[in-house]
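The values are calculated or read from the model by the stated rules, or taken from the named source; none is laboratory data. Values in this document were obtained by computation on a predicted structure and should not be read as measured data. Every residue, glycine among them, receives a Cβ derived from its backbone with ideal geometry; neighbour counts consider all protein chains shown.
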Amino acid sequence: MTLRQFFRKYSEIYTVFLPLTGVFLIIYVGILAFSSTTIIPPGYPIDPETNALLYIHRSLVTIPSVTTYEHAAANFLNSYLTSQGWTVELQSVSATPERVNVFAYRGKTRENKVLFTSHIDTVPPFIPYSVHDGYIWGRGSVDAKASVAAQIVAVSELLESGAVGEGDIALLYVVGEETDGIGMITANDLNLEFETAIFGEPTESKLAVGHKGLILADVYATGLASHSGYPELGIDANYYLIEALYKMQHLTYPVSELLGNTTFNAGTLDGGVAANVVSATATSSLAIRVAADTEMVVSILKQAVLDIPHVELNVTLTYSPVICDYDVPGFDTYIANYGTDIPHLMGTHKRYLYGPGSILYAHADNERIGEQELVDSVTGYKQIAAHALGVSLKNEMTEKKET
Ligand SMILES: [Zn+2]
């Protein structure tokens, strides 16, 4: 084939295929543009300047940060916040592996009236970021990276509009919330003083009135093994454990007008070795979500097993119910049946608990956040902060309408 023949042949192919490719490309772009279920297709570049919310959220969800391995997520926040003019302090929580809390403020003023705070760790396993069906999916997408991203964007917009300035709002993002709260406990050493803390956790974009307390305990029954045909020669640990559990399940627990019922759950049961052997040991682990009076609940649990032989109750963790402030007009209220870092942060500050998304998707294989709810929560955070600071958002809202 001469060079001339070669070019003639390929120019024929191009005259047919080039327009066809163009048609397909137009159809593809059309589908992307009109698809109502997708704001940002995965892998599509997000401009951090014009779409900071989705940029921060995707960056954080893309970075695995299962509890104790939060460092990369903290690094991202450090460099992002620094690039946006924040003064960032990294507070060491542990040296190996390296774990840090991220504390940020404007200028030189560490002491701020309002603290936006949430956590950067997640439960395992890591689930990659994806976007479909109107939701953003992935580990931490709702708990609590949605809150982190929305808080940062809320305060940026408030700063930009001039509604707030240096000394008004600081940011604190901690490690270890999902296990022992070590990040927030350590954050007390920062010696911060503020009037209001706004905690970000999924509350379905409602304002939480508070959350229940928790008692974790193990019940042990110790018996004596024997042939099941001669049970009178043994001591049946299973029997006594079941009796203890039954009694604890049927106690009258305190009720709170605000937080509802105290609930009892025997989450694990383990006893005996075989059907034809009288069980020598039996254990159960309990989680009691306490609506009121934690000490009283501990004491009635202990009392309940006191007269059951061979049974012992070992309380391993307790914390009391938390009552939040919920006086911001325009919000529905919410009762959280889960724990947060709120009791770990010492002080006499007001406490708000608010965040986009549902706790029912947190910790689940299908963890996700509604795209629109994530966007709307920025306004929610701005309203709560403005209420706490006593500033009006009126100018900001009209400015926004005009642009
Ligand atoms: Zn959380």
Subset of segment 154-166 that is in a helix (DSSP H, G or I) and of a type outside the set (Val, Ile, Thr) - its residue that is nearest to the chain's Cα centre (by Cα): Ala154
Qualifying residue in segment 347-356 (condition: within 14 Å of the ligand (Cβ to nearest atom), in a loop (DSSP other than H, G, I, E, B) and under 17 Å from the mean Cα position of the chain (by Cα)): yes
Odd one out for Thr179, checked against (1) among the polar types (S, T, N, Q); (2) within 30 Å of Gly271 (Cα to Cα); (3) away from the ligand (no atom under 14 Å from the Cβ): (3)
Selected residue (only one of Lys247, Lys206 is at pLDDT 95 or above, out of contact with any Leu (no Cβ under 6 Å at 6 or more places or on another chain) and within 16 Å of the ligand (Cβ to nearest atom)): Lys206
Verdict on Tyr240 being more than 28 Å from the chain's Cα centre (by Cα), buried (at least 16 other Cβ atoms within 10 Å of the Cβ), part of a helix (DSSP H, G or I) and more than 16 Å from the ligand (Cβ to nearest atom): yes
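Every residue, every condition in (1) at pLDDT 95 or above; (2) within 16 Å of the ligand (Cβ to nearest atom); (3) among the β-branched types (Val, Ile, Thr); (4) within 25 Å of Leu353 (Cα to Cα), yes or no:
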site	(1), (2), (3), (4)
Asn78	yes, no, no, yes
Trp86	yes, no, no, yes
Gln91	yes, no, no, yes
Pro97	yes, no, no, no
Val100	yes, no, yes, yes
Ala104	yes, no, no, yes
Arg110	yes, no, no, yes
His119	yes, yes, no, yes
Thr122	yes, yes, yes, yes
Within segment 265-346, strands (runs of 3 or more DSSP E) holding 3 or more residues that are free of Cβ contacts under 8 Å to residues at least 12 places away in the same chain: none
Lys212 being within 16 Å of the ligand (Cβ to nearest atom), surrounded by fewer than 23 Cβ atoms within 10 Å (Cβ to Cβ) and among the basic types (Lys, Arg): no
Given (1) within 20 Å of the chain's Cα centre (by Cα); (2) surrounded by fewer than 19 Cβ atoms within 10 Å (Cβ to Cβ); (3) hydrophobic (A, V, I, L, M, F, W, C); (4) away from the ligand (no atom under 16 Å from the Cβ), number of the condition Val298 does not satisfy: (1)
Of all residues making up segment 77-107, the number that are in contact with an Asp or Glu (Cβ under 8 Å, 6 or more places away or on another chain) and either acidic (Asp, Glu) or surrounded by fewer than 18 Cβ atoms within 10 Å (Cβ to Cβ) (or both): 2
Any chance Gly223 is more than 22 Å from Leu360 (Cβ to Cβ), at pLDDT 95 or above and within 16 Å of the ligand (Cβ to nearest atom): no
